[in-house]
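Colleague: Quick one: this structure, given as structure tokens, is what I'll be asking you about.
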Ligand code: NI
Ligand code: MN
């Protein structure tokens, strides 16, 4: 069995045969306070969907501490490398690659991707979602995104086991659009994320669950700190 550990917001730890990974490792300053960067001593990969601080988070520090490879959009990888990340694997949207544990594919996301340095905004290419194969099953972390028609293609061709979808609104899909997305991606299990971290994304996961279940979707609401085996 592979497992996902929800660290609050859009941050997950993923462990399965041959892989220990973090996805969007926002730990320092994460109001949910489930884990700290130094809690991760053995890590193979860090997947980053875009440059915003609540996703790139502690990626560079954890990569330096553990030697984990940062897997992301080319420009995010370049940025991380310039900050001292020892190992990066740049990819781009629609591209996939067979890692030793399974195939990884970057998916489109409708959002932005930037970091701020010395009061200047630096754009780091396109944001993305990521599909990670582990133990022959596939996790789709949608990153931050609005509802996009590409999710139909994911549902039709990518055979998703667990979909992690943002529901908080304002920066991403709200519960109504996320319920439509959940129907489109046709995952065995849909897990809502990116809600209640701050008042501006104060969405109710149980309301999302009701809307998605009315569309025939199986929803598992995780509280920060919860684990899901799949
Ligand atoms: Ni963002
Ligand atoms: Mn975000």
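The values are calculated or read from the model by the stated rules, or taken from the named source; none is laboratory data. Remember, it's a predicted structure, so these values are computed and weren't measured experimentally. Here Cβ is always computed from backbone atoms with ideal geometry, including for glycine, and neighbour counts include all displayed protein chains.
Colleague: Looking at the stretch 197-209, which of its residues are surrounded by fewer than 18 Cβ atoms within 10 Å (Cβ to Cβ) and within 16 Å of ligand 1 (Cβ to nearest atom)?
Modeller: Residues satisfying the conditions are 198, 200.
Colleague: Could you pull out the residue among 33, 41 that is more than 16 Å from ligand 1 (Cβ to nearest atom), closer than 21 Å to residue 192 by Cα and surrounded by fewer than 17 Cβ atoms within 10 Å (Cβ to Cβ)?
Modeller: 33
Colleague: Okay, next question. Return the residues of the stretch 128-161 that are within 14 Å of ligand 2 (Cβ to nearest atom) and crowded, with 24+ Cβ neighbours inside 10 Å; say none if nothing qualifies.
Modeller: Scanning the stretch 128-161 gives 128, 129, 141, 142, 143, 144, 145.
Colleague: Kindly provide the set of residues from the stretch 30-77 that are within 16 Å of ligand 2 (Cβ to nearest atom), part of a loop (DSSP other than H, G, I, E, B) and free of Cβ contacts under 8 Å to residues at least 60 places away in the same chain, ordered by number.
Modeller: Listed by number, the residues that qualify are 48, 57, 58.
Colleague: A follow-up question, please. Only one of these is touching a residue at least 40 places away in the same chain (Cβ under 8 Å) and crowded, with 19+ Cβ neighbours inside 10 Å: 190, 185. Name it.
Modeller: Checking each option against the conditions leaves just 185.
Colleague: Can you tell me which residue among 106, 164, 124 is more than 16 Å from ligand 2 (Cβ to nearest atom), under 22 Å from residue 55 (Cα atoms), at pLDDT 95 or above and buried (at least 23 other Cβ atoms within 10 Å of the Cβ)?
Modeller: The conditions single out 106.
Colleague: Can you name the number of the only condition in (1) at positive phi; (2) within 14 Å of ligand 2 (Cβ to nearest atom) that residue 18 fails?
Modeller: The single condition residue 18 does not satisfy is (2).
Colleague: State yes or no: is residue 27 in a strand (DSSP E or B) and either within 16 Å of ligand 2 (Cβ to nearest atom) or under 18 Å from residue 223 (Cβ atoms) (or both)?
Modeller: No.
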